[in-house]
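Chemist: One structure, pasted below without further comment.
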Amino acid sequence: MTGKFASIGFIGAGVMGTSMARRLIDAGHQLHVHTRTRSRADGLLEAGASWAESPREVSHVSDIVISIVGHPGDVREVHLGEHGTLAASEPARFIIDMTTSTPDLAVEIAGEAQARGVESLDAPVFGGDIGAREGRLSVMVGANDGVIEEVQPVLEPLSSTVVHHGPPGSGQFAKIINQVLVASSMVGSCEGLLLARRAGLDLSKVIQTVGSGAAGSWTINNLGPRMIEGDFDPGFAIEHMAKDLSIALEQAKALGLDLPGLALAQGLYTHLLEAGHGQKGTHALFPAMEQGDVPG
């Protein structure tokens, strides 16, 4: 066992969560896992994790609980629900929610946690499926002062960067900003490559050229080649991007901001989601644009 936590609870076994949980097991941590569909945790159980029947049970048997689930409603149920982590008779000392959720919910959970003598951190991540597998996630943390240092041993196997942005809710705001930037980059990359294809250019050469200059971005250099190859498996799925951008748009409006680029990207991804493309990677915006399947 590495670090000072005897046992860690892990809730969620999606594309990223499974890889993150596996890294904690490989680092020597004892893991108690729960997910709504038990079969999704089979690989983790085979690797040595123990099964817990509910988030409440996870919390009761763990020193620290990490969650990475789908939507804010899932986060609320996992931590504040009747069978949630904070309903345990003796809850974990720390809760780290790594889902992209809402700042208001993060503040609410932190308040309820403190009333139970628990510290809660909102710690959404970026880095996608590859970052999760390789332990190179960037973690944006909202938490009370001093808390992040206490949980650092658990975050180390998962991340290359951990930044404390301020009190509870701040991590979620930082992740919202990341998603706004990523979505804008994706729209520009898809439009640029579509224009290049219509002009008869070699798209690989275009990426090689623009990717090394001011137009270079993680999106064009990493997802551009996958667009060309027709590989639209998700590193990050459209359904999650549509959710994240809806949260970002709501928060922008609450702050009195009109962000037309964000509104455009949110509309495009919501359209793709409603058209049944939610399980594809976010770069599947490219063929949709090429085929005229998104609103102009």
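Chemist: Within the range 195-296, which helices (runs of 4 or more DSSP H) (wholly inside it) include 2 or more residues that are farther than 17 Å from K175 by Cα and hydroxyl-bearing (S, T, Y)?
Modeler: Of the helices (runs of 4 or more DSSP H) lying wholly inside the range 195-296, those with at least 2 residues that are farther than 17 Å from K175 by Cα and hydroxyl-bearing (S, T, Y) span 203-210, 260-274.
Chemist: Still on this structure, please answer the following. Condition check: under 19 Å from the mean Cα position of the chain (by Cα), more than 22 Å from E229 (Cβ to Cβ) and modelled with pLDDT of 95 or more. Does L264 satisfy that?
Modeler: no
Chemist: To continue, here is another question. Is it true that R116 is of a type in the set (K, R), within 19 Å of G12 (Cβ to Cβ) and either assigned by TED's automatic domain parsing to the domain that holds D233 or touching a residue at least 24 places away in the same chain (Cβ under 8 Å) (or both)?
Modeler: The answer is no for R116.
Chemist: Of everything in the range 131-152 that's within 19 Å of the chain's Cα centre (by Cα) and of a type in the set (S, T, N, Q), which residue is nearest to D74 (Cα to Cα)?
Modeler: Taking the candidates together, the pick is S138.
Chemist: How about the range 13-22: which of its residues are buried (at least 19 other Cβ atoms within 10 Å of the Cβ), part of a helix (DSSP H, G or I) and of a type outside the set (S, T, N, Q)?
Modeler: Answer for the range 13-22, where residues must be buried (at least 19 other Cβ atoms within 10 Å of the Cβ), part of a helix (DSSP H, G or I) and of a type outside the set (S, T, N, Q): M16, G17, M20, A21, R22.
Chemist: Determine whether T18 is hydroxyl-bearing (S, T, Y), in the same structural domain as G142 (by TED's automatic domain parsing) and more than 23 Å from L137 (Cα to Cα).
Modeler: Considered against the rule, which asks whether it is hydroxyl-bearing (S, T, Y), in the same structural domain as G142 (by TED's automatic domain parsing) and more than 23 Å from L137 (Cα to Cα), T18 comes out as no.
Chemist: For the range 23-40, give me each residue that is free of Cβ contacts under 8 Å to residues at least 60 places away in the same chain and assigned to a helix (DSSP H, G or I).
Modeler: Selection gives I25, R38, S39, R40.
Chemist: Looking only at the range 156-170, filter to residues that are touching a helix residue (DSSP H, G or I) at 6+ places or on another chain (Cβ under 8 Å) and part of a helix (DSSP H, G or I); which one of those is surrounded by the fewest Cβ atoms within 10 Å (Cβ to Cβ)?
Modeler: In this case the residue turns out to be P157.
Chemist: Could you check the range 63-89 and list, in sequence order, the residues that are among the β-branched types (V, I, T), in a helix (DSSP H, G or I) and under 17 Å from the mean Cα position of the chain (by Cα)?
Modeler: V75, V78, listed by residue number.
Chemist: Counting only residues that are within 12 Å of I8 (Cα to Cα), of a type in the set (S, T, N, Q) and not in a helix (DSSP H, G or I), how many does the range 41-62 have?
Modeler: Counting residues in the range 41-62 that are within 12 Å of I8 (Cα to Cα), of a type in the set (S, T, N, Q) and not in a helix (DSSP H, G or I) gives 2.
Chemist: With V206, V182, V210 as the choices, which residue is under 27 Å from the mean Cα position of the chain (by Cα) and either crowded, with 18+ Cβ neighbours inside 10 Å or closer than 17 Å to E229 by Cα (or both)?
Modeler: V182
Chemist: Restricting the search to the range 102-130, which residues are assigned to a helix (DSSP H, G or I), over 11 Å from the mean Cα position of the chain (by Cα), surrounded by 19 or more Cβ atoms within 10 Å (Cβ to Cβ) and small (G, A, S)?
Modeler: Initial filter on the range 102-130 (assigned to a helix (DSSP H, G or I)): 103-115, 128-130.
When the remaining residues are screened for being over 11 Å from the mean Cα position of the chain (by Cα), the result is 103-115, 130.
Keeping just the survivors that are surrounded by 19 or more Cβ atoms within 10 Å (Cβ to Cβ) gives 103, 105-106, 109-110, 113.
Within the range 102-130, A106, A110, A113 qualify.
Chemist: Let me ask something else. Of the conditions (1) crowded, with 22+ Cβ neighbours inside 10 Å; (2) in a helix (DSSP H, G or I); (3) more than 22 Å from the chain's Cα centre (by Cα), A92 satisfies every one except a single condition; which number is it?
Modeler: Every listed condition holds for A92 apart from (2).
Chemist: If P157 meets every condition in (1) assigned by TED's automatic domain parsing to the domain that holds L245; (2) over 15 Å from the mean Cα position of the chain (by Cα) apart from one, which number is that one?
Modeler: Evaluating P157 over (1) assigned by TED's automatic domain parsing to the domain that holds L245; (2) over 15 Å from the mean Cα position of the chain (by Cα) leaves (1) as the failure.
The values are calculated or read from the model by the stated rules, or taken from the named source; none is laboratory data. This is a predicted model, so every value here is computed, not measured. No Cβ is skipped: glycine too gets one built from the backbone with ideal geometry, and neighbour counts run over all protein chains shown.
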